[in-house]
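Worksheet: the structure to be examined is printed underneath.
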Amino acid sequence: MTVKQMIDRFKRMVRHSWRAFSAVGVILLAGALIEAISLAQYRYTHRLMETELDYRAESEMTLKSVRVRGMLKSNEKMLNNYLWPIQRQLKSPEHIYQILERLVFLNGDVMSAFVAYVPGYYPNQGEYFEQAAIRRGDAVVTQQLASPHHDYTQREFYHQAVENVASRWTDPYLDAAGSGQQVTTYATPLTDATGKVVGVFGIDLATKGIIDTLNTRHNDPSTFFLLLTGDGRLISQPDSTHKKQSDVAAVVRMINDSTYERESSSTGISKIITFDSKTNGKGYAYYAFMKGQPHWQVVMVCYDNEVFSKLKAMRRNFMLLMLGALSLLGFILYRFNHNVQRLHKSKLNKERFDSELRIAQSIQSEMIPGDSISRDDVDVCGKLITALEVGGDLFDYLIRDEKLYFCIGDVSGKGVPSSLVMAVVHSLFRSLALHESSPKRMIQAINETSCQGNETNMFVTMFIGVLDLPTGRLRYCNAGHDAPLLIDQDVKMLSVNANLPVGLFGDFIFVQQEIQLPAEATLLLYTDGLTEAMNMQHKQFGLQRIIDTTTNCMEQGRTAPAVLMDALHEQAILFAAGAQQSDDLTMLAIHYHRPDEKTVLDETLNLTNDVQRVPELNDFVKNVTNRLNLDSSLTSQLMLAVEEAVVNVMSYAYPLGTTGDIHVQARATEQSLKFIISDQGKAFDPTLRGTADTTLSAEERPIGGLGILLVQQLMDSINYERADGKNVLTMKKMLTKNDN
């Protein structure tokens, strides 16, 4: 080998080495750049998810607080309903035992109810006297609890009620009655006719129900909730089988340790403590005080390895993709491979996003009533077709106390933000419809809640109606929504006051309206997704086409709600002629017709507002039940319910010292028995009265309290209407199973 050949060989070796070194350098440089981008993206996404975690934690704690407050408020209202009859029977302790027993028996959350008197109030009962009704399994027992070992005057609830003359919940404690359960007490001052405090009336609730309320339906399986007193003592925790049980004591200790480092959430509403769990890794404890009384703390505990598990999995998957890309780059080293990897990653992200949207769509569809209502007095059906995967339209309906509650609404905007507002408004309507009967008050409450923290200025057009099924009386309140169509002899728009949409001004006063809905009439409600449906020429479907289609269906006798809505939807599709749907389309149809039931008994009794005539009423009810061959237990319930209702009318319907008529009608079919009580006294709705105010005189005091609560417990439904200058209270008891 010559020198020249050796030099050429050396040059070739250097050239090949440099190329190899360049390829490795390119691969390493590309890998370093991709890793830097991935790390930056990971950290940025992690920060966004931390902020989202703050909002989600506060949302869940707020929801749990609302549920706990709702449970406590419900029992406060129930206790106040029994306060007046307790005060009325102060001279008859044996009757107070009966009232306490009934209270505990009818309310499953209540462990015990008691009346603790000031020392010496009943001299013949000794210095201390405490009457109580206690739940023992399926039975309720009554007894006198005061003893040398049980001095109730030293208890927190007694001092708060007697000395401070205030009603409040106590911090939980072990039940002194022997159940061994942890309970919390709500007590209120008990006064005599002169207004003097003579004792304390209260109830004990087991905290197990509160615990169950807090630790159900979490987004992440390992997340759990705690409930602490205002001074940091543990009230509730997960079951002993919960795998995070070992962290409970540590979290409570850190919250109570003022020297332990903590920070405010991104909104400043709650506090956050970060800790290291021996078994579960890094954890977060969010805590905040409940509003109002009791001033307890709600704590949410979650873990990093679960909250950010998807992000870490995405990071891990991305690293694998990067290694694959670098390996491929080592073979071909051109730009096309890099673009393929980016396209693949984009496809994965899109599939994940589409999957999340499908889940959101499924959740939203489950909120909308899935089944139509078909009864002998009303048919209801709704339809919602979203323009995107999730939408902002809503409708809902339910029947309570022989009244149909329904609504339709349209949230401003589209997509996910509108769907979140839709979920909130829908939940508010469903919650209000379970205890409120005035459309105006329902929409007022929804508006006030929607205006709180509405920084995005989103609003909702909404229509809420309440249809009294026995009479056809329709009360409704509109909030900037399209006027419904009333289909009777012809098709016309229902007269509505526009009002403002929900969510704009919290102090706006809405106007309620009322009509008498004709028998066999149909009410059609819709959103602007129907009227503003556009074709390829950008022309709108319009109201006139809705009226024409509805008129055509009416002429053909096709006014059933489902058939009517299918016809309108079909016409909207034909009109669009392939144009993409631009807005959510929602329809709700209600067909009203009075049932034609065969009456097997129809008896009447006329009374005056004189309680001395109550025996005549009892004989009347007993005669009715005997003719219907009802058993003695049901007869007793009916006699008690009718007596409570009629005595309330005798006491409060007419001014003191005047005589008025009371008409009692018993009407029975093969399925049900109704007692219809009517009078021409002053207008009042007993179903809206929650608590009897014993501080008022008998003339000023409205009907309510124990009487209406008892009737609601004994009858299947009660219904009040003011018709032709009369108060009409209808109480219904089902005699056989109604297939409808």
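Here, each number is a calculation from the coordinates, and none is a lab measurement. Please read all numbers here as calculations on a predicted model, not as lab measurements. A quick note on method: Cβ atoms are made from the backbone with ideal geometry, for glycine too, and the neighbour counts reach across all protein chains shown.
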- Message: Taking amide H atoms as placed 1.01 Å from N in the peptide plane, list the residues 5 or more away in sequence, or in a different chain, whose amide H sits under 5 Å from that of residue 681.
- Response: 727
- Query: Expressed as an acute angle from 0 to 90° and rounded to the nearest 10, what is the orientation of the C-alpha long axis of helix 415-433 relative to the principal long axis of the chain?
  - Reply: 10
- Least to most buried among 418, 632, 309, by other C-beta atoms within 10 Å and fewest first, runs 632, 309, 418
- Per-residue ³J(HN,Hα) for the stretch 154-166, Karplus 6.51 cos²θ - 1.76 cosθ + 1.60, θ = phi - 60°, Hz, x for Gly and Pro: 9, 7, 4, 5, 5, 5, 5, 7, 7, 7, 9, 6, 9
- Taking 7 Å along the Cα-to-C-beta vector as the label spot, tell me the residue 141-residue 9 distance in nanometres, rounded to one decimal. 10.9
- Item | For the stretch 369-377, Karplus couplings with θ = phi - 60° (6.51, -1.76, 1.60), whole Hz, Gly/Pro x | x, x, 10, 6, 9, 9, 10, 6, 10
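What percentage of all Cα-Cα pairs in the stretch 89-209 are separated by more than 21 Å? Each step should come with its number before you reach the end.
Values: 2411 of 7260 pairs.
Distances greater than 21 Å cover 33 percent of the Cα pairs.
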- Note on the structure: Tilt, helix 439-451 to longest principal axis of the chain (alpha-carbon atoms), in degrees rounded to tens, equals 30
- Label model pair residue 262, residue 63: point-to-point distance (7 angstrom along the Cα→beta-carbon line) in nm is 2.4
- Task: Kindly state, to the nearest 0.05, the FRET efficiency for residue 332 paired with residue 52, given R0 = 30 Å and r defined as their beta-carbon distance.
- Result: 0.15
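Expressed as a fraction of 2.2 N^0.38 Å, the rule-of-thumb size for a compact globular protein of N residues, what is the C-alpha radius of gyration of the chain?
Numbers: Rg = 34.1 Å, N = 740, 2.2 N^0.38 = 27.1 Å.
It is 1.26.
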- Message: I'd like to know which of 33, 385, 568 lies farthest towards the positive end of the charge dipole of the chain, counting +1 on Cβ of Lys and Arg and -1 on Cβ of Asp and Glu.
- Response: 33
- For the stretch 368-592, Rg(Cα) over 2.2 N^0.38 Å is 0.97
- Here, residue 156 and residue 724, labelled 7 Å along Cα→Cβ, have an inter-label distance in nm of 5.8
- Item | Highest-first arrangement of 146-156, 648-658, 253-263, 526-536, where packing means the average Cβ count within 10 Å | 526-536, 648-658, 146-156, 253-263
- Compute the convex hull volume of the Cα atoms of the stretch 599-734, divide it by the residue count, and report the result per residue in Å³ as a whole number. 101
- Nearest 10 degrees, 0 to 90: what angle lies between the long axis of helix 542-555 and the longest principal axis of the chain (Cα atoms)? 50
- Query: Rounded to the nearest 20 Debye, what is the dipole magnitude of the chain about its Cα centre when Lys and Arg each give +1 and Asp and Glu each give -1 at the C-beta?
  - Reply: 4220
- Message: Rounded to whole Å, give me the distance from the Cα center of the stretch 615-638 to that of the stretch 523-585.
- Response: 54
- State log₁₀ I(q)/I(0) for the stretch 260-301 at q = 0.14, 0.24, 0.31 Å⁻¹ as given by the Debye formula over alpha-carbon point scatterers of equal weight, solvent excluded. -0.37, -0.84, -1.07
- Note on the structure: Residue-ordered couplings for the stretch 252-269, obtained by feeding phi - 60° into the Karplus form 6.51 cos²θ - 1.76 cosθ + 1.60 and rounding to whole Hz (Gly and Pro as x), are 4, 5, 5, 5, 7, 8, 5, 7, 6, 5, 8, 9, 7, 5, 4, 9, x, 7
- FRET efficiency for residue 670 and residue 552 from the Cβ-Cβ distance with R0 = 51 Å, rounded to 0.05, comes out at 0.85
- Ranked output for segments 469-481, 36-48, 402-414 by mean other Cβ atoms within 10 Å, highest leading, reads 402-414, 469-481, 36-48
- Item | MRE, 222 nm, helices only [DSSP H, n ≥ 4, -39500 (n - 2.57), over the chain, to nearest 500] | -13500 deg cm²/dmol
- Item | Cβ-placed point charges (K, R +1; D, E -1), dipole of the stretch 89-209 about Cα centre in debye, nearest 20 | 180
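Please give the contour-minus-distance gain from residue 291 to residue 683: 0.36 nm per residue of separation, less the Cα-Cα distance, rounded to one decimal in nm. If you can, show how the numbers build up before the last one.
Details: separation 392, 0.36 × 392 = 141.12 nm, distance 3.65 nm.
Full extension of this stretch gives 137.5 nm more.
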- Task: Mind putting together the pair-distance distribution for the stretch 560-608? All Cα pairs, 10 Å bins, whole percent per bin, short to long.
- Result: 17, 28, 17, 12, 11, 10, 4
- In whole angstrom, note down how far apart the Cα centers of the stretch 287-321 and the stretch 436-504 are. 38
